[in-house]
Amino acid sequence: MIRTTPFHPRLSELNSQGLYTHWQGFLSPLRYTTAPKHEYFAVRNSVGVFDTSPLFKYRISGPDAEQLLAGLLVRDIRSCRPGRALYTLWCDDRGFVMEDGVVFRHSANDFLLTAARPNLGWLDSHRGRLRVELEDVSDDYGIVAIQGPRSRTVLSALSPETDGLGYFQHTQAKVGSTAVTLSRTGYTGDLGYELTVPADEAVAVLDAVLEAGRDHGIRPFGEEALMMLRIEAGLPLIDVDWTNSRTAWTDAQRVTPTELGMGWMLRGIDDDTRPFLGRQAIRRELAEGSSRWATVGIVVDWQHWDRLHRDAGLLPSKSEHPPPYEQMLYDAEGAPAGFVTSFLYSPVLQRHVGLARVTPALAETGTELRMEVVVNHRNTTVDVRTAPLPFFNPARKTAKP
Amino acid sequence: MSAPQYDAIVVGGGHNGLTNAAYLAKAGLRTLVLERRHLVGGAAITEELLPGFSFTTFSYALSLLRPEIIQELDLVRHGFLPLMMPSSFHPTGDGDYLLMGDDHAQNVQEVRRHSPRDADAYDRYHHDLDRVVQAVRPLLDNAPPDVFSTDPEDRVDVDWLVKHLSGVERRVMHDVVRLLTGSAADWLEDYFVHEGVKGYHASSSVIGSKVGPMSPGSGLVLLFHKMGEHDGHLGSWAFHKGGNGGFTQVLARAAEAFGAEIRLEAPVTAVLTEGERAVGVALEDGTELRAPIVVSALDPRRTFLELVDPRGLPGELVDSVERMKFRGVSAKVNFALDGLPVFPALPDTVEHYGGFLNIGPTIEYVERAFDAAKYGWYSDRPYIDAAIQSVVDPDMAPPGKHVMSCFVQYAPYELRGSDWESERERFGDRAQAVLEEHFPGFGELVLHREVVTPVDIEQHTGLTEGNIFAGEFLAPQMYFFRPAPGWSRYATPIQGYYQCGSGTHPGGCVIGSPGRLASRRVLNDVAAGRVGAHSTGTASS
Ligand SMILES: Cc1cc2nc3c(=O)[nH]c(=O)nc-3n(C[C@H](O)[C@H](O)[C@H](O)COP(=O)(O)OP(=O)(O)OC[C@H]3O[C@@H](n4cnc5c(N)ncnc54)[C@H](O)[C@@H]3O)c2cc1C
């Protein structure tokens, strides 16, 4: 049976479209109003609210909790002080990416890990004799993201702690009488926060947020707007931009952290005091330079795009949500060069942009490639260039408070 | 005289002057922008008249801006942020309304609610109009070919035009001509029967022009306002973050980032010439600045009749410019509001305030508003294109408060038997009374009211007779003929002197093409050695 999130009673009232998708067994709005781009603009211009409760949440505690996580996560949890959070990947023993998530460190021995897929069994299987408690607390909490340039103003009216919070910091705070975890995290590439809230008080907290945001143009946003935001922010999505190594059928479907554009997470990999899962394979990959791919942005030459369509007698299509399909990339000679994993028409950049995987030799910014498109039921190609990620990266996202 | 300090001087810091300067600077020219006022932007400015309340004094919405400018000038890096309008709202005058959004099928249902007969017409209408736009659009992105020239270089462009036009389907070409020459009312009557539905679609057919929707020529105005491809969606409109002044600030930052220098409070009185060449400009305070390239971003009257001595120009050109019609008929009445107005049929939502509020219920209503203008007076019940920008952009007003921009017609530049200083507030009252009709209680919300008359427009921007497009959108004043036959390719009879204002092709609106296309002309001439760029000599297009 399809489930609903703790915020659903209120958010469903605000949804004028009745359009939902399913997210890990929960009803999740595609959009709340007639077009996702206005929800997108709320985040880039004022403030938007996104219900991210379907994420799985695991409490990991006990004297050896840090040790367990240090051995599993790609980023070094030992460097994460209480009150901070890390966005990290985890890999299999062959150094292929399984999943990503955010780990919040509440104290020396107490962590909360969010994940897109169930992970309790996997965590448990690596526990061995470590003194660690593992608990699936997914249903105990709702998480609501409050994102956009006005998010700080709105939340600080409710919780003064907001003002002092740096990027990827979190703290215990109150919204009304409800104790919440307030974190400066999100998936939009903008200034933003998330509130992790006890499920039975979720609606009251949401109401307080909506009320505080009323005069700031606050509005909820759905998955379609989120896709636009996260692609501009260069943030990959599991099962869209990569396949979980655990469920992939072939190595061609798998990626390493480097191949996924997350090489920056590997800082400190030569530190032998932290043998995390996949480390040996990843070190080999780095030493041998054997990465098969690099992840880059691509930007479509819009004039060529328009010409292709116009010459075919068509109106150039510029939907923010082109049909999902994996477009192939070719180099100037027409040889295969890679593929596009996410694609959209960015309303701010006013260009088609995408996340792509290309052979490392072609990763340099500005490399001219061609992307497969279908025009009038025929395959052709449009000129694109590789670009650095993220496409959109406002200073306010990480600015010190 | 001293050696040139600059390669190029751009006179006027409106959006076209800034665009032009940015391209010239990007190509390596030492470029100076001279702006008369204390701020750049010209007709596209935002002013904080009351603490916390940002008024778009003149222009207020964005659509036609050519996408290549965003990319070529790297505007996103400098803060470009167009906020697409989620809705447009059209009270039908009987207490009901049309509320249109982005979902085509829901719009069809909204039309059907009023007129089942018009529901499928809505589809046909938009498809036909899109095809016309497709056919005409390439003309916007290229300088008009000089059909009068015998130069082989010009022939290439003429051939391109002929080839393009011959590729347009017969039926579409007929629609193009119907729109370019006919009235919006005739065109719309071919599709719709419901007066409110027709009124909604006629709304953009009279903007800035001394025409009513029943006048021939209003079709052209309607079409022009559909030419935007903002966000890739034909005819869609946005508010720029911080108003249109927010946009010109972005442009100024981009121009400066490419190395252009912007000097404020520097009114130019004359373009200096030696023989047949431009050599610089003189400022009001007597300063003379030298440059081999001078670009006027002002309107044709000022470019040809004020900045230079018209006696030195070909008589035919001077005649054309003198004959050019300006005849501004538009005014603004801007409000600071204590809260949102209430439309009685939609008491509990703000959805209808996301974009344009179009107060001109039927074609007849707007045509009657036009009547007065023919005889030198303003409308008793004017047509209003309103927008409460603070609904979409909270930075425009303090929390809970709002700013409302009202573009009001008709307000003829020349009043018979009175003047605008005497009529200013009475005219403001007329506009406010119309708002009161549709939003009862409106008056109690008003914290501040600003009335901007056509004379104010002229005085503050330099747009002759307050014409918002720097020359009316009439067929004989467009394309090859803008601003004058034979002078539609951004040059002037004076070597080194160029024009890039809205009086050149394709015309007014916040569009940027005049500035961009003129820069291409300048840079081509530099590359060909026809004019000198002294400092670098490396400029290329
Ligand atoms: C009331 C109003 C509403 C409008 N609404 C819209 C709208 O919503 N959307 C839209 O797209 N378009 C709109 N328009 C049209 C659009 O704003 C104009 O067509 C466009 O901004 C003109 O730009 P420009 O750069 O060509 O000229 P301008 O913006 O007129 O710039 C000319 C500049 O030159 C300066 N100047 C003048 N004389 C001198 C001198 N001697 N020396 C130095 N500097 C000088 C002026 O101060 C000014 O800054 C509107 C116009 C008006 C007036």
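Taking the range B:276-299, which residues are assigned to a loop (DSSP other than H, G, I, E, B), more than 10 Å from the ligand (Cβ to nearest atom), buried (at least 17 other Cβ atoms within 10 Å of the Cβ) and among the small types (Gly, Ala, Ser)?
The one that is assigned to a loop (DSSP other than H, G, I, E, B), more than 10 Å from the ligand (Cβ to nearest atom), buried (at least 17 other Cβ atoms within 10 Å of the Cβ) and among the small types (Gly, Ala, Ser): B:291.
Just to be sure before I move on: is residue B:404 buried (at least 24 other Cβ atoms within 10 Å of the Cβ) and within 14 Å of chain A (Cβ to nearest Cβ) in the structure I sent?
For residue B:404, the condition - buried (at least 24 other Cβ atoms within 10 Å of the Cβ) and within 14 Å of chain A (Cβ to nearest Cβ) - is not met.
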Inset, instruction - Determine whether the range B:254-275 contains at least one residue that is within 14 Å of chain A (Cβ to nearest Cβ), at negative phi, surrounded by fewer than 24 Cβ atoms within 10 Å (Cβ to Cβ) and among the hydroxyl-bearing types (Ser, Thr, Tyr). - result: no
Inset, instruction - Answer yes or no as to whether residue A:47 is over 26 Å from residue B:103 (Cβ atoms) and surrounded by 20 or more Cβ atoms within 10 Å (Cβ to Cβ). - result: no
Legend entry - Residue satisfying condition, being at pLDDT 95 or above, within 16 Å of the ligand (Cβ to nearest atom) and either of a type in the set (Val, Ile, Thr) or surrounded by fewer than 22 Cβ atoms within 10 Å (Cβ to Cβ) (or both), within set B:434, B:446, B:452, B:526: B:452
Legend entry - Contacts under 7 angstrom Cβ, first residue in the range A:132-148 being farther than 25 Å from residue A:72 by Cβ, partner of a type in the set (Lys, Arg), 6 or more apart: A:148/A:44
Inset, instruction - Considering each of A:69, A:55, A:113, A:89 in turn, give the residue that is in contact with a strand residue (DSSP E or B) (Cβ under 6 Å, 6 or more places away or on another chain), touching a residue at least 40 places away in the same chain (Cβ under 8 Å) and under 18 Å from residue A:127 (Cα atoms). - result: A:113
Legend entry - Any hit, the range B:207-229, residues being within 14 Å of the ligand (Cβ to nearest atom), part of a helix (DSSP H, G or I), closer than 28 Å to residue B:490 by Cα and within 14 Å of chain A (Cβ to nearest Cβ): no
Legend entry - All positions within the range B:465-478 that are touching a helix residue (DSSP H, G or I) at 6+ places or on another chain (Cβ under 9 Å), assigned to a helix (DSSP H, G or I) and surrounded by fewer than 24 Cβ atoms within 10 Å (Cβ to Cβ): B:465, B:475
Inset, instruction - Look through the range A:337-392, keep the residues that are among the basic types (Lys, Arg) and closer than 30 Å to residue A:43 by Cβ, and return whichever of them is surrounded by the fewest Cβ atoms within 10 Å (Cβ to Cβ). - result: A:385
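Pick from B:384, B:388: which is within 14 Å of another protein chain (Cβ to nearest Cβ) and within 15 Å of the ligand (Cβ to nearest atom)?
B:388
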Legend entry - Any pair with Cβ under 6 angstrom, 6 or more apart, that starts in the range A:31-48 at a residue that is at the interface with another protein chain (Cβ under 9 Å from one of its Cβ atoms) and under 11 Å from residue A:191 (Cα atoms) and ends at one that is surrounded by 24 or more Cβ atoms within 10 Å (Cβ to Cβ) and hydroxyl-bearing (Ser, Thr, Tyr): A:47/A:151
Inset, instruction - Considering each residue of the range B:251-269, count those that are assigned to a helix (DSSP H, G or I), in contact (Cβ under 8 Å) with a residue 40 or more places away in the chain and more than 14 Å from the ligand (Cβ to nearest atom), and give that number. - result: 3
Legend entry - Residue that is nearest to the chain's Cα centre (by Cα) [pool: residues in the range B:335-358 that are more than 14 Å from chain A (Cβ to nearest Cβ) and farther than 13 Å from residue B:439 by Cβ]: B:356
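Residues are listed down the side, and each one gets a yes or a no for (1) outside any strand (DSSP E or B); (2) surrounded by fewer than 18 Cβ atoms within 10 Å (Cβ to Cβ); (3) without any contact (Cβ under 8 Å) to a residue 24 or more places away in the chain; (4) within 14 Å of another protein chain (Cβ to nearest Cβ):
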position: A:161; (1), (2), (3), (4): yes, yes, yes, no
position: A:166; (1), (2), (3), (4): yes, yes, no, no
position: A:171; (1), (2), (3), (4): no, yes, no, no
position: A:180; (1), (2), (3), (4): no, no, no, no
position: A:195; (1), (2), (3), (4): no, no, no, no
position: A:213; (1), (2), (3), (4): yes, no, no, yes
position: A:240; (1), (2), (3), (4): yes, yes, no, no
Inset, instruction - Restrict the check to the range B:360-374 and report whether at least one residue is within 16 Å of the ligand (Cβ to nearest atom) and in a helix (DSSP H, G or I). - result: yes
Inset, instruction - Scan the range A:16-30 and give yes if some residue there is in contact (Cβ under 8 Å) with a residue 24 or more places away in the chain and buried (at least 24 other Cβ atoms within 10 Å of the Cβ), otherwise no. - result: yes
Inset, instruction - Pick out, from the range B:1-118, the helices (runs of 4 or more DSSP H) lying fully within it that include 2 or more residues that are farther than 30 Å from residue B:193 by Cα, within 15 Å of the ligand (Cβ to nearest atom) and not basic (Lys, Arg). - result: B:15-26, B:67-72
Legend entry - Residues (part of a helix (DSSP H, G or I), touching a residue at least 24 places away in the same chain (Cβ under 8 Å), under 23 Å from residue B:501 (Cβ atoms) and not hydrophobic (A, V, I, L, M, F, W, C)) located in the range B:131-177: B:137, B:138
Legend entry - Output for the range B:90-112, where each listed residue is within 14 Å of another protein chain (Cβ to nearest Cβ) and farther than 15 Å from residue B:345 by Cα: B:100, B:101, B:102, B:103, B:104, B:105, B:106, B:107, B:108, B:109
Inset, instruction - With the condition kept exactly as written, say whether any residue in the range B:436-447 is under 29 Å from residue B:82 (Cα atoms), of a type in the set (A, V, I, L, M) and touching a helix residue (DSSP H, G or I) at 6+ places or on another chain (Cβ under 8 Å). - result: yes
Inset, instruction - Quick one: count up the residues across the range A:282-340 that are in a loop (DSSP other than H, G, I, E, B) and within 14 Å of another protein chain (Cβ to nearest Cβ). - result: 12
Inset, instruction - Could you tell me whether any residue of the range B:490-498 is within 15 Å of the ligand (Cβ to nearest atom), aromatic (Phe, Trp, Tyr) and not in a strand (DSSP E or B)? - result: yes
Inset, instruction - Check the range B:122-130 and report whether any residue there is in contact (Cβ under 8 Å) with a residue 40 or more places away in the chain, surrounded by 19 or more Cβ atoms within 10 Å (Cβ to Cβ) and within 12 Å of chain A (Cβ to nearest Cβ). - result: yes
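The values are calculated or read from the model by the stated rules, or taken from the named source; none is laboratory data. Predicted model only: the values in this text are computed from it and were never measured. So basically every Cβ, Gly included, is an ideal-geometry build from the backbone, and we count neighbours across all protein chains shown.
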